[in-house]
Amino acid sequence: MEHALVSESGMPDWQDLRLFLELDRRGSFRAAAAAVGLSINTLRRRIDDLEAQLGVTLITRHAAGVRLTSEGETILAATRTMESAAYSVLRARDAASATPTGEVRIAVTEGLGTFWLAPRLVEFQRSNPRLVVDLRCTMDPADVGRLEADVAVQLVRPVNPDLKVVKLGRLHVMPFAARSYLDIYGHPSGVEDAARHRIVLQVSSQTVSMAEYDRHTPGMPQSGYVTLKTNVSSAHYWAVANGAGIGWLPTYAAAIGARLVPLDGLVQVGLDIWLTYHPDAERIDRVRQAIDWIRGSFDPARFPWFREAFIHPRDLPATLKGATMPELFAGFAGMER
């Protein structure tokens, strides 16, 4: 069946406008086609048809991708407004339902999702047994404005002015090492002594960047010094735990049973933790319950490692009144030698 470009009212087809949005977001026909599940030729034809219907040239093609024309910029701005309105309709539909059932999608950084929120999900599930939690642990921030998730917990502050942003706390990151590593290499006496050690880095869009590494270790080449780089928190942890080198982990690692030794005298990093969601989402019962649970899970009064001020792991309380602390790594203690 031939694709219908124009509705009976003479308006361009919304689906084609969505393809135009995706092309702008991805920057090339190849990337956009893969994202929307169309062939490159089909996507090109749909954009050509849209340009013909509107009577303007929206993009120009270049070796590195596509660029918007001035007319394309104008159409894009109007299309973004249409998209925002469409998502508002979906949120209004969800808010109109008084039934606290369904699915709630929580996007969170891989480390906080795996090591902090996932072990605590039983609290939320027991209070909300009819809800399905879709916990998406990824280092790429979700766009909650486009309903990629209902709520997101991330380490970079969102810039979309239409979203509600709440600071949950602060993630304090410091170097740790396994006792097996320290038995061989000893404790570093300071940054100047780090050159004789082995370093394990987690590098991703929401962790310590390579620029940050270079700033703290000027003139120190990675070759022969950095022994492993990974973008996944779990792989990063296990590499450190099994003696691959010194790695930077949140201070709460000690509170959930990680058998690692915190190291003083090296670089410490603080990262703000942000909760973000669309204001309309608070009117949806299942999302509001998830928001309340997330805020409680990062409450600095209950969990002091999320406070603004750094607290050394040795000074963190062994037990916390009213807080259940799962020993996440206790079953793997024998592996950490």
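No lab work stands behind these numbers, since they all come straight from the coordinates. Computed from a prediction, not measured in an experiment: that's the story for all the values here. Using ideal geometry, Cβ is built from the backbone for each residue, glycine included, and neighbour counts are taken over all protein chains shown.
So here's what we get for this one:
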| read-out | value |
| --- | --- |
| Per DSSP, loop trypsin sites (Lys or Arg not before Pro) in the range 110-142 with at most 10 further Cβ within 10 Å | ARG130 |
| GluC sites (Glu not before Pro) within the range 106-158: DSSP coil, no more than 16 neighbouring Cβ in 10 Å | GLU148 |
| Residues whose placed amide H lies under 5 Å from that of LEU228, excluding near-sequence neighbours | ILE199, LEU201 |
| Distance histogram in 5 Å bins (all Cα pairs of the range 141-207, percent per bin) | 3, 11, 18, 15, 11, 9, 9, 9, 9, 5, 0 |
| Cα shape, the range 107-182, gyration tensor, a/c 1.5 rule | oblate |
